[in-house]
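Q: The structure that follows is given in the form of structure tokens.
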Amino acid sequence: MFNSPPNLAEQVVLITGASTGIGAALAQILAQQFLGIRLVLAARNAEKLEEIGTFCRKAGAEVLVVPTDLEKSEEIEKLVTNAIAHFGKVDVLVNNAGYGQMGPIELIPDQAVKRQFQINVLAPLALIRALVPTMRVAGGGRIINISSLGGRLAFPFGGMYSASKFALEALSDSLRMELEPFNIQVSVIEPGPVSTEFFIAAARAVEETVVNPENTPYRAAFERLKGLEHHTKSRAWTSERVAEVIVIALTARRPQPRYIAATGGKFLLFMMTKVLPTKLVDLFWQRFYGINLVAQEWKNR
């Protein structure tokens with residue numbers, strides 16, 4: 001039961017995106033801090049996933065590794081089936097897998113839009129729908145959805161990513177209220193910049209989806225995007241630091257609806273959503289992402 005702080009050593013925890021970054025860090029921390037914990041680890045990269053699984057087993061966890069492509073509904077179903085068959089239940093679901101499709105909205109092709117929402121919204125939703133009945137029968141559970149500050153703030157070139165995270169946050173809010181009668185608690189984690197390959201992956205996603213970005217009206221902003229990791233590096237958290245926030249959410253007697261995992265994150269959200277005029281916020285983000293340079297080039301064309 002979850003009326004008192006749960007003993008995670010007695011829980012079955014399913015983590016998606018567990019082969020690298022925050023998911024891998026969380027799995028390792030849980031294995032080290034809660035002897036005997038049972039982990040279900042899912043990700044696309046089977047080799048890296050097995051490496052994390054091996055580490056966790058050596059630390060004393062019981063681990064089920066399930067290579068999973070969250071773009072495929074049949075693999076999501078297989079993940080749930082294997083987890084229940086192996087452990088008999090899932091007490092905690094951590095929807096961590098996700099990625100950011102960066103680029104101007106008008107240039108992102110339909111297939112990339114669908115992939116963004118499939119991984120960041122529809123896959124977590126499918127896992128939640130599949131696991132809530134088992135949690136309800138067991139007397140309770142916890143669902144942790146990994147969002148982002150981008151789930152509260154939208155910015156240029158991040159429209160698709162933010163739209164997916166806004167959607168995940170809305171689902172989480174509704175689920176938190178709907179599932180409370182069944183003692184299933186829902187929390188959102190909102191990281192800011194994290195020392196992972198996020199921006200590298202985002203740049204790669206741009207290269208794969210936007211044809212000849214240097215020949216578009218947004219050329220200057222695309223150039224700016226290449227240096228964003230450098231501009232955010234000083235404020236970036238490690239994956240382990242974010243994972244520790246998730247552990248706090250998992251062990252709290254009454255978990256908060258949201259946990260901000262970013263330096264100055266609360267102040268940033270307060271200023272940009274409650275204090276500063278929208279136009280001033282827009283100007284800040286336009287300069288940060290190089291849209292002001294786009295404007296200059298367009299005027300001088």
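The values are calculated or read from the model by the stated rules, or taken from the named source; none is laboratory data. Here the structure is a predicted model, which is why all the values come from computation and not from measurement. Please note: Cβ atoms are built from the backbone with ideal geometry, for glycine as well, and neighbour counts cover all protein chains shown.
Q: Tell me the residue from Val12, Val66 that is in contact with a strand residue (DSSP E or B) (Cβ under 7 Å, 6 or more places away or on another chain), touching a residue at least 60 places away in the same chain (Cβ under 8 Å), closer than 24 Å to Pro133 by Cα and among the aliphatic types (A, V, I, L, M), please.
A: None of the other options fit; the residue is Val12.
Q: Between a residue in region 16-42 that is over 21 Å from Ile128 (Cβ atoms) and surrounded by fewer than 24 Cβ atoms within 10 Å (Cβ to Cβ) and any residue that is among the basic types (Lys, Arg) and at pLDDT 95 or above, which pairs come within a Cβ distance under 7 Å, given they are 6 or more apart or on different chains?
A: Between residues of region 16-42 that are over 21 Å from Ile128 (Cβ atoms) and surrounded by fewer than 24 Cβ atoms within 10 Å (Cβ to Cβ) and residues that are among the basic types (Lys, Arg) and at pLDDT 95 or above, the close pairs are Thr20/Lys48.
Q: Can you tell which of Ala220, Ala295, Ala243 is under 18 Å from Ser148 (Cβ atoms) and in a helix (DSSP H, G or I)? Walk me through how you get there before you give the answer.
A: Numbers: Ala220 fails: under 18 Å from Ser148 (Cβ atoms); Ala295 fails: under 18 Å from Ser148 (Cβ atoms).
Every option except Ala243 fails the conditions.
Q: Out of region 43-57, which residues are farther than 14 Å from Thr68 by Cβ and either in contact with a helix residue (DSSP H, G or I) (Cβ under 7 Å, 6 or more places away or on another chain) or in contact (Cβ under 8 Å) with a residue 40 or more places away in the chain (or both)?
A: Hits for region 43-57 are Phe55, Cys56.
Q: Additional query: Sort out which residues of region 132-176 are charged (D, E, K, R) and either within 22 Å of Lys274 (Cα to Cα) or surrounded by fewer than 20 Cβ atoms within 10 Å (Cβ to Cβ) (or both), and write them in order of number.
A: Arg136, Arg152, Lys165, Glu169, Asp173, Arg176
Q: Would you mind listing the helices (runs of 4 or more DSSP H) fully within region 12-93 where at least 2 residues are out of contact with any Lys or Arg (no Cβ under 9 Å at 6 or more places or on another chain) and within 18 Å of Ala138 (Cβ to Cβ)?
A: Answer list for region 12-93: 73-87.
Q: Please name all residue pairs, on different chains or six or more residues apart, with Cβ atoms under 8 Å, provided the first residue is in region 280-301 and is closer than 13 Å to Pro156 by Cα and the second residue is surrounded by 15 or more Cβ atoms within 10 Å (Cβ to Cβ) and of a type in the set (Ser, Thr, Tyr).
A: Every condition considered, the pairs that remain are Val294/Tyr218.
Q: Another question, then. Go over the candidates Ile246, Ile184, Ile189 one by one and state the one that is under 21 Å from Phe117 (Cβ atoms), modelled with pLDDT of 95 or more and crowded, with 16+ Cβ neighbours inside 10 Å. So that I can check it myself, show each step before the final result.
A: Numbers: Ile246 fails: under 21 Å from Phe117 (Cβ atoms); Ile184 fails: under 21 Å from Phe117 (Cβ atoms).
One residue alone meets the criteria, Ile189.
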